Structures are given as C-alpha cells and as structure tokens.
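The values are calculated or read from the model by the stated rules, or taken from the named source; none is laboratory data. The structure displayed is predicted, hence computed values, not measured ones. Cβ placement follows ideal geometry from the backbone for every residue including glycine, while neighbour counts extend to all protein chains displayed.
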Amino acid sequence: MNNETTLSYRTFLSLVAVALTLLVTTNPVAAQPHVLFSDGETDYAIFLSSEASESEVWAAKELQHWLKEISGATFALNYYQPTEALPKQAPRIYVGFSPALQSKIGEEEPKWTDESFRYFNRGPELYIYGGKERGSMYGVFSFLENEFGCRWYAPGADCIPTRCISQFETLDRHDSPGLKVRNDFFYTAFDPVWMARNKLNGRMSSNPAEQPGGCESYWGVHTFYRFISPSEFYDKHPEYFSLIDGKRVADPDNADWGKRAQLCLSNPNVLKIMTRRVKDFIREHPEHAIYSVSQNDWGNPCQCTKCQALVKKYGGKESGILIWFVNQVAEAVEKEFPDKQIGTLAYQYTRSAPQNIQPRHNVVVRLCPIEACVAHPLESCEKNQSFMDDLRDWAAISPQLYIWDYVVNFQRYIMPYPNFAVLQPNIKTFINNKAIGVMEQGSYQERGAEFQELKAYLIAKLMWNPGLDVDQVINDFMLGYYGRSGQYIRDYFDRLQQSVTPETHFGIGLDAWDPLFTDELVNESIHLFAKAKKVADNEEILRRVNLAELPILYLKCKREPVKSREDGTFQQFIRTLEKEGIELIAEYRDNLEDFKKQVLSAKE
Ligand SMILES: [Zn+2]
Ligand SMILES: [Zn+2]
C-alpha cells in the first residue's frame, strides 16, 4: 500500500460520496457502544471453526491484515472446535458458519455454494458468514469496504483509510449477487486475488484452484477445429468439413477468411468423434464448469443437402442445426458428467434463435452482441432492435444464457471510447433475459488501454450489484485512484461521455474522425490533464494521470499528426508508452509501429 496515496484519499474523503458508514450510532440514550479498536489496541480476536473452508481461512487472514492497516492493532486469529460451546458476550469476530454458531445464534447454515452473506452483531460479538465456497469470503470484503472504506481499485492500487477508533452498537447487513457468473475480461482484472476481493467468480479457460474461493471456468471458444482438425482429418475425410459451392472446404490458415469453413454437422461420424473427444477432454480437465462446442471464428457453414434440411427444419436458422448437434453431445456428456454443462455460441451467422428446437437443460448458449451500437443501451437504440429480438427469442427457448459482451474499442484500445453510460443498462438487460453469466470482453492483452482500471473496477461492482449508483462508484474511483488530480480527470471523463448524442452510433471499432470527437474536446481535455498533473499527490499518482492521458494524446496524433509532431504531443505519447512498457494499442490492427510511421510521415 502506498501511504501517500492513502493520505490523499483521506484528505478528499469528505468530497467523496462513498458509503463510509461509521460504526457509531448517535442515539444518546442507547447502551454503551462496543469498541472494536482504539489507539492501535483491540480486545477483539478473529475466530474460525477448525472446519472452515480454505477461502474462509484466507478471508480471515485478509481481515486480520487489513484491520491492522486500518487500526494499527493486531487481531489474533484463533480456531475453535466446530461443536464446542462458545462463550457469551466475548469480543470476537466469527468468520464463517459452524454447528457451534448454529446453536449459539439459531440461524440456518447456508449452502456451500451460496454466495450471499450477512454480517451482524449480537452484543459485542460480530459474525460474518455466507456459503463456505465464497460467501463468507465476500462477506469479509464487504465488511471492510462498507464499514471502513477499503478499496482495491486495481492490483497494487489499494486504498485503506486509517482510523484511531471504531465502535458499534448495531450492525446488520445482508447482500447477494445480482449475477451468478461474473467474468470481467480485462488484463488488469486477471489477478486472482484482486478478483476475489472484488467478488469476481467467472473466468475463461482457467484453473479455479488459482483463485481464492475458486471460480466458474467456461472452457474454450471456437472449438470445432480444436476437436476435429483439418490437419488430422481433411485428407482422409473431407466430408467432415463444410461443403461450399460444391467443394469440401477446410482451410483454416487461408488469409481470406471467406475461404475458411466449419464442420459438416449432419455427418454422424462428426458427431461421434466430437462426443468422444469432448468426454475425453472433460476427463482430462475436470476443473471447468462449462465446455465449449462452438463454431470457428469465421463463416461458411456447410451447404450440403443434409445440413441444409436440418437448417430448414429449425426455422431456416443455422443456429438450429448447431443446437441439434450440441444437444446430442450434451446428452451423451450428461450420462458421465451430470454436473458439467456444454456451451456453444450464438454469434454472427448463428445469432438468431432457431425454431422447433430448444437448447437442453445442460446447454449454455453464449450470445454475442458483436454488431451492437454501444453508444446507446441495447434497449434504447433502434440499431440494436435486431439484437434485442434475438436476445428475447433465445431467452424464450433457453434454460439459461451466458452473454459474451464487448466493452472496448478493439481496433484502438488506446483511443477515447465513451461507452460508460451503457454498461449498467446492458448488464440489467442481460440479467432480465436469463443471463446466468456475463463476460465483458475488454482490453485483455496488456495494460494501458483507455480507463482500463476504472472500467474493470466498475464492471466488477456492477456485476455484483447491477442497481448501484454508477456516479458514486466513478467519483469514489476518481478520487481514490487519482487523488487530487481526480477532479480534473472526472471533468475530462464527463465531457467525453457527454459527446455522445442520440445521433452518434458506434460499435466495437471507433475511429478518430468520428463526428463525436472535436478539436475543441481534444484541446480542452489536454488542458484538463495539465491541471491534473500539476496537483498530483505523488509520483505514483502522476504515473496514473499520464496513463489516463494517453487516449487523448493518441486522438490528437491521429487527427493532427503534423501539429502533434511539432508541439511535442507525439513525443509525449511515445515517452509514456515506453516508460510503461506498453506495446499494444489495439487487439489486432493499428499496431504501434504503423502508427508511428503514420505520424512521422504525415504532411500538411
Ligand atoms: Zn453438411
Ligand atoms: Zn446507437
């Protein structure tokens, strides 16, 4: 933890509308409050059952660590036997549930996987518990966040306010997740400890054992050729692959994506091999929750008569034959692995829902709004009506959905991208339409993308509580993460978001000449960053401000390359990139070397 950061955070706490509930009630006739700690001393100790789960033990140690940071006091960590008679009125913080607690407080034991939690007191005793898998752990972090203002904004960017005294009379808070599986797909959000602290439980193709409390791993995407590869089968069995214009095609390396293809799903051998290999794979990798059987990342579904007859049977939709195929794999898998699910995609040519068929109960369709306008919420932009129709159609026939959503500019990670206003309404839309999980795909390869830390943090908070006050979270982040500079960065942020009008539509690619950007916006923003840098509390915060400025510098370089070269904007941009070791400014296109060449060779 950075002490200076904490100091500036505290200085500005009064400006921040965080829910910093002091553990004190003001009723003058109430009984004496219980003193949790005072002047670096405490009478309290943390107590765990000897049968506590791994994540409860970890969370209790976290509680001990952060309470020490807050108070300076050492809270001993003790174990009790799960059936022993516990003392009355002792200064103890119990983490996790146990039979001993049950006989003491008379509550029901939560289910192992229940992620909801409660923390409350009975007299001087404090209780924090939920399900043993992750619920108690989440309770500990909410206790620290809500009652002391602790924040874990990004890996290595903690804000832990210190306190001389903390006391309480009554405390009772219950909370539960708004979304079952929360997958925040940003580079900065892949830190398993940061994920646990921010209640993220969804990952892509990851080993749950790496994360405190584990996670729900959705293994794989675009897996057709992963299981049935052209190099292994095409020569002997070209009929396993798509028939395109009278020819069996399997050319996964062709630079022309129009020449790449899929599997011939109606071929019984394709189904047989796929089923066997998926089962083998689950046997070898049993740690995932969902296993993907899904189309390659291009088009060209099979045109053969048998495939097209199935497409026709299911409403003329390519998703129909896909669900027909995946359902059969899922049915076979269920016999051996009843607790595993088979995932697939509703993406591009399979985005519309089929008719006359439904995904089985153990099939999880991952629907992708890759074509959507992200300037406006899904439900309120006319350009998103066809996606909303597809979403509602899928929700009507599916036991559950899992959304693969896109929340950054993939062509230019580093450019200003004012889509913050859609994050909350879209997550709500997904939840209202049977989403059990949402994956928010962001800039996942490295640091340095536009407001990466803020976006990853806000998304984590929204996936847990889709009804939260977004403005409050952003204010809290701006002042906690950027200190005094945060007021100017918030101003820049607001101007940028406000540049979106009902007429400005954009998707996952946005270029520098989009009408929503103006020279005035660029110049005013650079001016705001100058002010932000002037008041930076310390070197670390200055670094963060420089990183936050990169997008607007990039925008200026793209719009006015000659001027940017002459007035030092370009050099400043490159200097910060080099200092931070950032090499990637887009998912695929617009790489850094091309960008440099463009600016350096630009003429008036
Ligand atoms: Zn076919
Ligand atoms: Zn729109």
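The set of residues in segment 585-604 being among the aliphatic types (A, V, I, L, M) and touching a Phe, Trp or Tyr at 6+ places or on another chain (Cβ under 7 Å) consists of ILE585, ALA586, VAL599. Whether any residue in segment 232-244 is crowded, with 22+ Cβ neighbours inside 10 Å, assigned by TED's automatic domain parsing to the domain that holds VAL278 and modelled with pLDDT under 95 is what I want to check. No, segment 232-244 contains no residue that is crowded, with 22+ Cβ neighbours inside 10 Å, assigned by TED's automatic domain parsing to the domain that holds VAL278 and modelled with pLDDT under 95. Residues in segment 351-370 that are touching a Phe, Trp or Tyr at 6+ places or on another chain (Cβ under 8 Å) and either without any contact (Cβ under 8 Å) to a residue 60 or more places away in the chain or under 12 Å from MET388 (Cβ atoms) (or both): ARG351, ALA353, PRO354, GLN355, ASN356, ILE357, VAL365, LEU367, CYS368, PRO369. The helices (runs of 4 or more DSSP H) located wholly in segment 530-599 that include 2 or more residues which are of a type in the set (A, V, I, L, M), within 17 Å of TRP513 (Cα to Cα) and not assigned by TED's automatic domain parsing to the domain that holds TYR444 occupy 539-559.
Looking across segment 393-422, just one residue is under 22 Å from LEU462 (Cα atoms), in a helix (DSSP H, G or I) and away from ligand 2 (no atom under 15 Å from the Cβ), and that is ALA395.
Just one residue in the set VAL422, VAL374, VAL363 is closer than 21 Å to MET204 by Cα, surrounded by 20 or more Cβ atoms within 10 Å (Cβ to Cβ) and away from ligand 1 (no atom under 16 Å from the Cβ); that residue is VAL363. Out of the residues in segment 246-294 meeting the condition of being under 29 Å from GLU334 (Cβ atoms) and of a type in the set (Lys, Arg), tell me which one is surrounded by the most Cβ atoms within 10 Å (Cβ to Cβ). This residue is LYS279. Could you check, for segment 58-72, whether at least one of its residues is at pLDDT 95 or above and assigned to a loop (DSSP other than H, G, I, E, B)? Yes, the conditions are met somewhere in segment 58-72.
May I ask you to list the residues in segment 427-460 that are among the charged types (D, E, K, R), assigned to a helix (DSSP H, G or I) and surrounded by 24 or more Cβ atoms within 10 Å (Cβ to Cβ)?
Of segment 427-460, the ones among the charged types (D, E, K, R) are 428, 434, 440, 446-447, 450, 453, 455.
Subset that is assigned to a helix (DSSP H, G or I): 428, 453, 455.
Answer for segment 427-460, where residues must be among the charged types (D, E, K, R), assigned to a helix (DSSP H, G or I) and surrounded by 24 or more Cβ atoms within 10 Å (Cβ to Cβ): just LYS455.
Restricting GLU239, GLU232 to residues that are outside any loop (DSSP other than H, G, I, E, B) and within 16 Å of ligand 1 (Cβ to nearest atom) narrows the list to GLU239. Selection within segment 379-392: residues that are touching a residue at least 12 places away in the same chain (Cβ under 8 Å) and over 19 Å from THR350 (Cα atoms). The member of this set that is farthest from ligand 2 (Cβ to nearest atom) is GLU379. Every residue in segment 242-283 that is in contact (Cβ under 8 Å) with a residue 60 or more places away in the chain and in a loop (DSSP other than H, G, I, E, B), please. Residues satisfying the conditions are SER242, LEU265.
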